[in-house]
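Below: one structure, written as structure tokens.
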Amino acid sequence: MNRDAIEQEITDIIKKMLQLSFVDNDTVLIGTAGVLDSMTFIRLLAELEKRFDFTVDEDDLTLDSISSVKNMTEWVIKSKRENS
């Protein structure tokens, strides 16, 4: 699966979870302007692990790496590579 496909999958997951009509790669996910609350964020991480077949390493989980769809896509790619 290439980067664009992963980004689209993450976008689709977030849209479905939050019932949003618009999410793009610059959508802020966490923080005061973020679309995710803490419980939804945990559900999202579990879904990403399942869909992309990797295990979340809390040491690699930083606010920056999950702050937007774009950053989360890079984090998923890196996590999958490290879990291979």
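The values are calculated or read from the model by the stated rules, or taken from the named source; none is laboratory data. Because the structure is predicted, anything quoted here is derived from the model rather than measured. Note that we place each Cβ from the backbone using ideal geometry, even for glycine, and neighbour counts take in every protein chain shown. Just the protein is used for accessible areas: all its heavy atoms, side chains included, with ligands, DNA and RNA removed. Shrake-Rupley method; radii C 1.70, N 1.55, O 1.52, S 1.80 Å.
What the table shows:
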| quantity | calculated |
| --- | --- |
| Heavy-atom accessible surface of the chain: percent carbon and sulfur, 1.4 Å | 49 percent |
| Cα coordinate range in the chain, projected on the principal axes (Å, largest first) | 33, 25, 19 |
| Average accessible surface area per residue within the chain, 1.4 Å rolling probe, Å² | 62 Å² |
| List Phe54, Phe22, ordered by accessible area with a 1.4 Å probe, largest first | Phe22, Phe54 |
| Magnitude of the charge dipole, the chain, Cβ model with Lys/Arg +1 and Asp/Glu -1, debye to 20 | 260 debye |
